[in-house]
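Reading through the structure tokens given below for one structure.
The values are calculated or read from the model by the stated rules, or taken from the named source; none is laboratory data. Nothing here was measured: the structure is a model prediction, and the numbers come from that model. Methodologically, a virtual Cβ is constructed for each residue, glycine included, from the backbone with ideal geometry; neighbour enumeration extends over all protein chains shown. Surface accessibility is based on the protein's heavy atoms, side chains included, excluding ligands, DNA and RNA. Shrake-Rupley method; radii C 1.70, N 1.55, O 1.52, S 1.80 Å.
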Amino acid sequence: MLNWLQNLFSRPPQAAPDDPEFWKVYLQSINSQPSAATPIQEAVFVVFDTETTGLDTKTDKVLSIGAVKVQGQQVLVQDSFECLVQQEVELGNKSSEVHGILPSQVQEQGLTEQEALQAFLTSAGNAILVGHHVKFDTEMLNGMLRRSGIQGKLYNRSIDTAQLAQRLERFRQSPDSFSRSDYSLDALSQKYNLPTEARHTAPGDAFTTAILLLKLLALAKKRGIKTVGELVR
């Protein structure tokens, strides 16, 4: 248990001298993350989502980022974040049929990848990052870091709401009764009566996932989970 906690809350590497200033500030904030003993009620969560050119984390790119903060069982709508990201979108790319983002929009209204990273990380700081299948979104942002010449990755603790929902519901059901489709955002939205008006947009999916997080945190409290260390696994 001790080794697990040490790995989970270990410090990230220091910034290189030629790293951009926003990355240095980000790493400083990560070095002062709350401890494992921090009560969940005091923790700050940034629930985020990305819309992308596809589902390959090695070759596809981020078109938009949406995020909203959660703290103290409240969605802090005033602290929401949204941006488009400039990308060259290949002709015939089908992703716009899902999220509705046109190539002309990202070219005319988008930030560069480094500008988008700076804006997002300045907003998120050392908060716990939350997403539905969060590993995908995190890897997409890590790709942006690499292309910006930054030798690092996101070091925030993170929570996958799909995995958290499955973990919490296992208290009362057999693990053999689960299937991946039961824990899609659409399936959980129906189960927990979540808002879905803006699904398949980054801000809309971030907001839906934020409401899901509140439902799951309430369930976690009933299960006796009280601290960040107990929640983040």
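Assorted remarks:
- When the chain is treated as a Gaussian network with alpha carbon springs shorter than 10 Å, the biggest mean-square fluctuation among Tyr155, Tyr26, Tyr192 belongs to Tyr192.
- Solvent-accessible area, 1.4 Å probe, carbon plus sulfur percent, for region 1-160: 49 percent
- Estimated at 0.36 nm per residue, the fully extended path between Val25 and Glu115 surpasses their Cα-Cα distance by 30.9 nm.
- Alpha-carbon centroids, region 176-223 and region 63-124: separation in whole Å: 20 Å
- For the chain, the Kirkwood hydrodynamic radius from C-alpha pairs, put into Stokes-Einstein at 4 °C and a viscosity of 1.567 mPa s, yields a diffusion coefficient of 70 µm² per second.
- Gained length - Glu230 relative to Gln78, 0.36 nm times residue gap less alpha-carbon distance: 51.9 nm
- In plain terms, the chain from Gln163 to Ser35 could stretch by 43.9 nm, reckoned as 0.36 nm per residue minus the Cα-Cα distance.
- Only helices enter this figure: runs of n ≥ 4 DSSP H residues, each worth -39500 (n - 2.57), summed and divided by the residues of the chain, yield -12000 deg cm²/dmol at 222 nm to the nearest 500.
- 27 Å Cα-Cα reach of Lys191 towards lysines, excluding residues that sit fewer than 8 places from it in its own chain: Lys69, Lys135, Lys215, Lys221, Lys222, Lys226
- Spin-label model, Lys58 to Leu102: label points 7 Å out along the Cα-to-beta-carbon direction sit 3.4 nm apart.
- Sorting Val44, Val70 by solvent-accessible area of protein heavy atoms yields Val44, Val70, largest first, with a 1.4 Å probe.
- Where both bridge residues fall in region 50-187, DSSP classifies roughly 70% of the beta bridges as antiparallel.
- Whole-number percent relative contact order across the chain, with pairs defined as alpha carbons under 8 Å at least 6 apart: 25 percent
- Backbone geometry of region 105-122 corresponds, through the Karplus equation with coefficients 6.51, -1.76 and 1.60 at θ = phi - 60°, to 3J(HN,Hα) couplings of 5, 5, 6, 8, 10, x, 8, 5, 4, 5, 5, 5, 4, 4, 5, 5, 5, 5 Hz, x marking Gly and Pro.
- Applying 1/(1 + (r/R0)^6) with R0 = 22 Å to the Cβ-Cβ distance of Thr122 and Ala198 gives a FRET efficiency near 0.35.
- For the chain: accessible area per residue (Å², 1.4 Å): 53 Å²
- Net dipole in debye of the chain [+1 Lys, Arg Cβ; -1 Asp, Glu Cβ; about Cα centre; nearest 20]: 1240 debye
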